[in-house]
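A.B. asks: I'd like to ask you about the structure that follows.
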Amino acid sequence: MTPQRFRSSSVRDALAQARQALGPSALVLGTRLVPASGWRGWLGGREVEVSAFLGAGVSENRRSTTTESAHGAHTATDARKPVTDGLVARLIATGLDRDLAESVVEQMPQTRRRDASQGQIRDALASCLMPIAARGQALGDVNVFIGPPGVGKTTTIAKIAAQARARGERRFRLVAADGYRVGAIEQLRLYADIIGSPFVVARTPEEVTEAVTSSKLPVLVDTPGLSPANEEAGAFLSALAALPSVRTHLVVPGATTPRDFDRLWERFATAGADRIVISKVDEAETVMPLVRVLREREVPVSLIGLGQRVPEDLVEAEPEMIAACLLGQLPVVHA
């Protein structure tokens, strides 16, 4: 139920286009002024854009075939009743899937649904997301970050250590067990020097075990961006998984599709992944497909990376934060 956009020189004409295309049950999300098309826009001309979608009484049976989209394989509803609740339709239009949208509405008293505020909707959505939120248990004494290259493992570690320093909390020991990626060790060493964190390079499984077990500080371990199926990388990850009280965070970008997540989860299963860091949320059009598969698998989310700034753009995955990401309301985080 993706919103469609209609443009004209007046609100009345744009609304008429929407009703002609979608029928009398069209629901209008909003209107705004946008630059006009073509040469008129170059000269500063403006026009009205109306966002609307098919509303109550429109059966999803029309879309009952299996489709493949940019968000991964998804089978559309094939025998379900039409969406008749206006708030459910509104939430679907914002990007939530139908099951989650209906769960959110069920959390709200009937009397509040018609005029629900954004805050009320966000609170109800947060209640539905509690099973996958870390809720104050994001980090432990030993934290291992795994995942393919380029997903943000090193940057996530730097943000954690820098935030702890800024808050006057205990420092972390940073351990670089990633000797495969060009510049990986030096990148983490540079962060450690700036933050003032102890830094250790571990080039063998025995060295990484020693670096972790000898530390009197909590530890953050950066690992090779290789599959555990790789013999050398597997030896590192097996040594870390064998240590007590380890929390292993699989780092995945917010734009990851359900299919790609399933592959990553299976690929890194032997490394002991027990929670997720959602990174690069600012680069994702929506995190709904990823959240859907996390809910299905009941995989907890520990941290959310909102951007590239160190240390600001990292938050614990409280239910309210995940809800804000789903609704496109990225929080402004200050150092």
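The values are calculated or read from the model by the stated rules, or taken from the named source; none is laboratory data. No experiment lies behind these values; they were computed from the predicted model shown. All Cβ positions, glycine included, derive from the backbone under ideal geometry; neighbour counts span all protein chains shown. Accessible surface areas use protein heavy atoms only, side chains included; no ligands, DNA or RNA. Shrake-Rupley method; radii C 1.70, N 1.55, O 1.52, S 1.80 Å.
A.B. asks: Filter segment 291-322 for residues that are at pLDDT below 95 and among the hydroxyl-bearing types (S, T, Y) and give the result.
C.D. replies: Across segment 291-322, there are no qualifying residues.
A.B. asks: Going by the structure shown, is S238 without any contact (Cβ under 8 Å) to a residue 60 or more places away in the chain, among the hydroxyl-bearing types (S, T, Y) and touching a Lys or Arg at 6+ places or on another chain (Cβ under 8 Å)?
C.D. replies: On the way: without any contact (Cβ under 8 Å) to a residue 60 or more places away in the chain: yes; among the hydroxyl-bearing types (S, T, Y): yes; touching a Lys or Arg at 6+ places or on another chain (Cβ under 8 Å): no.
Answer is no for this residue.
A.B. asks: Determine whether segment 295-313 contains at least one residue that is part of a helix (DSSP H, G or I), closer than 22 Å to S103 by Cα and open to solvent by less than 10 Å² (accessible area, probe 1.4 Å).
C.D. replies: No: segment 295-313 contains no residue that is part of a helix (DSSP H, G or I), closer than 22 Å to S103 by Cα and open to solvent by less than 10 Å² (accessible area, probe 1.4 Å).
A.B. asks: Could you check T248 against (1) assigned to a helix (DSSP H, G or I); (2) touching a Phe, Trp or Tyr at 6+ places or on another chain (Cβ under 9 Å) and say which number it fails?
C.D. replies: Single failed check for T248: (1).
A.B. asks: List pairs: first in segment 8-31 and within 14 Å of R46 (Cα to Cα), second part of a helix (DSSP H, G or I) and at pLDDT below 80, Cβ under 7 Å, 6+ apart or cross-chain?
C.D. replies: Listed pairs, sorted by first residue: S8/A14; T31/V11.
A.B. asks: Here's a follow-up. Does segment 279-291 contain at least one residue that is touching a Cys at 6+ places or on another chain (Cβ under 7 Å) and among the hydrophobic types (A, V, I, L, M, F, W, C)?
C.D. replies: Yes.
A.B. asks: Please verify whether segment 256-277 includes one or more residues that are open to solvent by 30 Å² or more (accessible area, probe 1.4 Å) and part of a strand (DSSP E or B). I'd like the intermediate steps shown before the answer.
C.D. replies: Of segment 256-277, the ones open to solvent by 30 Å² or more (accessible area, probe 1.4 Å) are 259-260, 262-263, 265-267, 269-270, 272, 274-275.
Subsequent filtering for residues that are part of a strand (DSSP E or B) retains 275.
The answer is yes, given that some residue of segment 256-277 is open to solvent by 30 Å² or more (accessible area, probe 1.4 Å) and part of a strand (DSSP E or B).
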